[in-house]
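Bear in mind these aren't lab numbers, they're just calculated from the coordinates by the rules spelled out. Since this is a predicted model, take the numbers as computed values, not measurements. We place every Cβ from the backbone using ideal geometry, glycine too, and count neighbours over all the protein chains shown.
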Amino acid sequence: ELKVEQNPLFLSMQEGKNYTIYCNYSTTSDRLYWYRQDPGKSLESLFVLLSNGAVKQEGRLMASLDTKARLSTLHITAAVHDLSATYFCAVDSSGPYSGGGADGLTFGKGTHLIIQP
Amino acid sequence: DTGVSQDPRHKITKRGQNVTFRCDPISEHNRLYWYRQTLGQGPEFLTYFQNEAQLEKSRLLSDRFSAERPKGSFSTLEIQRTEQGDSAMYLCASSLGTDVEAFFGQGTRLTVV
């Protein structure tokens with residue numbers, strides 16, 4: 001059974017600081033997704049990482065994937081209050097010939113991020 | 001609005017009643033997913049359609065749950081004989097093809113009293 005673990009689960013930080021959220025998973029996969037969820041809202045896609053060594057950046061957020069270590073990171077640079085949200089990583093463990101998406105995604109528990117002015 | 005649409009947004013029902021939720025995916029998205037999310041947890045996969053075919057069901061989907069996607073367009077998720085443990089947010093998502101992000105709807109929040 002695929003397990004996805006995020007840490008930390010809760011993070012309070014000040015504006016202007018840098019921090020990294022970690023996502024470890026238990027089985028072979030080269031497809032990992034990061035989502036953001038605001039309170040009472042649905043999930044917003046942030047990044048799609050599809051190969052070992054993939055790195056993507058959008059604004060103050062940068063995500064990377066190391067499939068050998070089964071680890072993805074979401075790095076926040078010079079945090080601002082608007083980035084306060086819950087961040088989820090999700091792993092697709094289906095094989096490349098399964099049609100993708102079968103079994104759906106396995107999500108971590110999320111990292112609840114609060115950025116204080 | 002061309003996003004994933006779910007209806008209703010909120011549903012309160014008495015234990016033992018049946019409920020049905022609807023999801024309208026993004027037009028032309030061939031893949032449709034149902035997830036369940038409880039407070040403080042990540043979404044849990046329930047089931048998945050490719051066009052009208054239901055290809056995968058999680059063990060979380062007991063016999064009381066059934067999902068359909070007639071004609072490969074909208075989908076419904078029905079829960080029969082609801083239990084308090086069914087209280088959760090039910091999320092629908094759709095995607096086009098493989099290895100792309102799924103777009104999530106706003107969800108239906110179910111409360112069983």
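Just a few scattered comments:
- Output for the stretch B:46-87, where each listed residue is more than 11 Å from the chain's Cα centre (by Cα), away from chain A (no Cβ under 14 Å) and assigned to a strand (DSSP E or B): none
- A:Ala69 being part of a loop (DSSP other than H, G, I, E, B), of a type in the set (Gly, Ala, Ser) and over 28 Å from B:Arg9 (Cβ atoms): yes
- For B:Gln6: the one exception among (1) out of contact with any Gly (no Cβ under 7 Å at 6 or more places or on another chain); (2) in a strand (DSSP E or B): (1)
- When residues of the stretch B:62-80 are limited to those that are touching a residue at least 60 places away in the same chain (Cβ under 8 Å) and of a type outside the set (S, T, N, Q), the one nearest to B:Glu28 (Cα to Cα): B:Glu78
- Close pairs from the stretch B:50-61: first surrounded by 15 or more Cβ atoms within 10 Å (Cβ to Cβ), partner of a type in the set (D, E, K, R), Cβ under 6 Å, at least 6 apart: B:Gln50/B:Arg31; B:Glu56/A:Asp103
- In the stretch B:89-113, the residues that are closer than 20 Å to A:Phe107 by Cβ, within 14 Å of chain A (Cβ to nearest Cβ) and of a type in the set (A, V, I, L, M): B:Met89, B:Leu91, B:Ala93, B:Val100, B:Ala102
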